[in-house]
Structure formats: structure tokens, C-alpha cells
Amino acid sequence: DGGITQSPKYLFRKEGQNVTLSCEQNLNHDAMYWYRQDPGQGLRLIYYSQIVNDFQKGDIAEGYSVSREKKESFPLTVTSAQKNPTAFYLCASSPRTATFEKLFFGSGTQLSVL
Amino acid sequence: AQTVTQSQPEMSVQEAETVTLSCTYDTSESDYYLFWYKQPPSRQMILVIRQEAYKQQNATENRFSVNFQKAAKSFSLKISDSQLGDAAMYFCAYRRNYGQNFVFGPGTRLSVLP
């Protein structure tokens, strides 16, 4: 079945540590996204990528980094510069040229600070 | 920049009754798309319904329908014959035509009372 796989489901970060959240899709979608979800604030865009080897910052990119070396993969690294990383992280994808298309979401990663 | 507002942080409805969730948005664009997403306790994001701004007819999906008022920039969701499984966070989202980013509102938590 086609879909988006996020791993791990739960992740714990120590002070000063970088951690990487995995996102893989087999939907053959060009566009991929990372959103952060905090209680009461909805989803905020961190980074998005429309094609391989290209990505753009979203509204809250500081303290995060991404790569897009393969069409199906869009990992997110939460760096030590992100001082408040505790949140629920959602990866999503959509066909690039079909604006009416919905976002397809993964099941999310809950990141907590130890 | 586009913004999406959901003025009801929490709502409740009796099982089998009807409830309406409000959403307003701010944009200078004339061509765009609007979405309602549901996030149950599993935290998996599920598309409920979507609307193209150029269509005057309100979208419907079984028990879910919208009241789209383009001039007022309002996009409310009506849930008829509410069921226990409708209990979830509901997010309103906006995407401009040929735009890559989806802008989400802060969400409304819906409780369904037996």
C-alpha cells in the first residue's frame, strides 16, 4: 500500500544533541513537507521540498535542517540550536502540480527532551 | 501572508445532533483551495472535505458539508448526525492556487457526548 512512513514514533533528545527524524514515501510525490504541532497552535511549516536536491524554509526553520537526496526520502534533523524541540512532528507529501490535491500525512513522531 | 483563524478552541455536541465549526481566513488571492482535516486521538491527519474557491456550490461528503462564503472569507464545517467517532481535533487549512504551502488554523477540539 502506498503511504508515508515516519520513524521513530517516539524520540528523546538529550541536551546539545542532534536528532534525525525519518520520513519515507512511496506515493511518487514530488513535494514533501515537515510540520511541527504544538498544543493550541495548529501545524506550522518547518521546511518543504518540491523536487530532489531542492528545499525551502518554512515559517519556523531555525534550529532545523533537511536534505532531499532521493525523491522518496525527506529526513529532518533537529539540531542543538533548537532550544524548545518538544513537539509532535508530521511529515506530509503531495503531487507538486496538482494544487487541489490533499496533503498525505505520516503518523508522526513525538519528540521530547530528556 | 495568509492566515487562518478558528475562533472556537473547543466545541461539544450531543450524539446524533448537528454541530458547526467556524473558520475564517485572510488572503488577497482570488484562486485558492480550502480544506478541513480531522485529527483523532491517534493523531493521524485525515482529510474530511475540500472546496475550490472558484466553485460557488458548497462541498459535501456524506454527513459533512461546508458553508463557503467567499466574500466574507468564511469556511465553516457542518457535521450532521454526529457520531462518537467524530470526536477529534479539526483543522481548517488554506492553499493558494499553484502554492506549495498549506496554512493551518489552530484547530477546534470537538467532543461528542453520548
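Coordinate-derived values only; no laboratory data. In this text the structure is predicted, and so the values were computed from the model without any measurement. Every residue, glycine among them, receives a Cβ derived from its backbone with ideal geometry; neighbour counts consider all protein chains shown.
Considering only DSSP beta bridges where both residues belong to segment B:3-113, give the percentage that are antiparallel (nearest 5).
Details: 34 of 39 bridges.
Antiparallel bridges make up about 85 percent of those DSSP assigns within segment B:3-113.
Sorting A:R36, B:R109 from the fewest to the most surrounding beta carbons within 10 angstrom yields B:R109, A:R36. The 3J(HN,Hα) values that the Karplus relation (6.51, -1.76, 1.60; θ = phi - 60°) gives for segment A:51-66 are, in residue order, 8, 4, 6, 9, 7, 10, 6, x, 6, 9, 6, 4, x, 10, 9, 9 Hz. Gly and Pro appear as x. For segment B:3-113, the relative contact order works out to 38 percent when only alpha carbon pairs closer than 8 Å and six or more residues apart are counted.
Going 7 Å from the Cα of A:S80 in the Cα-to-Cβ direction, what parts of segment A:1-32 have a backbone nitrogen less than 15 Å from that spot? Within reach of a label on A:S80, which here means backbone N under 15 Å from a point 7 Å along Cα→Cβ, segment A:1-32 contributes A:13-20. In the protein assembly as shown, the ratio of gyration radius to Kirkwood radius, Rg to Rh, stands at 0.97 when only Cα atoms are counted.
Among the GluC sites (Glu not before Pro) found in segment A:8-114, those both in a DSSP coil and sparsely packed, with 13 or fewer other Cβ atoms within 10 Å of their Cβ, are A:E15, A:E62, A:E69.
Of B:F104, B:L77, B:S42, which is farthest towards the positive pole of chain B's charge dipole, taken about the Cα centre with +1 and -1 on the beta-carbons of Lys, Arg and Asp, Glu respectively? It is B:F104, whose Cα lies furthest towards the positive end. Loop-located trypsin sites (Lys or Arg not before Pro) across segment B:27-86 with a Cβ neighbour count of 14 or fewer within 10 Å are B:K55, B:R63, with loop assigned by DSSP. The percentage of C-alpha pairs in chain B whose separation is greater than 21 Å is 31%. Counting only Cβ charges, +1 for Lys and Arg and -1 for Asp and Glu, the dipole size of segment B:3-113 around its Cα centre is about 240 debye. Cross-link list A:K57/B:K55; A:K83/B:K70; A:K70/B:K73; A:K71/A:K102: which exceed 29 angstrom alpha carbon to alpha carbon? Over 29 Å Cα-Cα: A:K57/B:K55; A:K83/B:K70; A:K70/B:K73. Using bins of 5 Å that start at zero, the share of Cα-Cα pairs per bin across chain A amounts to 2, 13, 24, 26, 19, 10, 4, 1, 0, in whole %. One chain, two ends: B:T27 and B:A1. Fully extended at 0.36 nm per residue, the span grows by 8.6 nm beyond their Cα-Cα distance. Placing dummy labels 7 Å off each Cα toward the beta-carbon, the span from A:K70 to A:Y10 is 2.8 nm.
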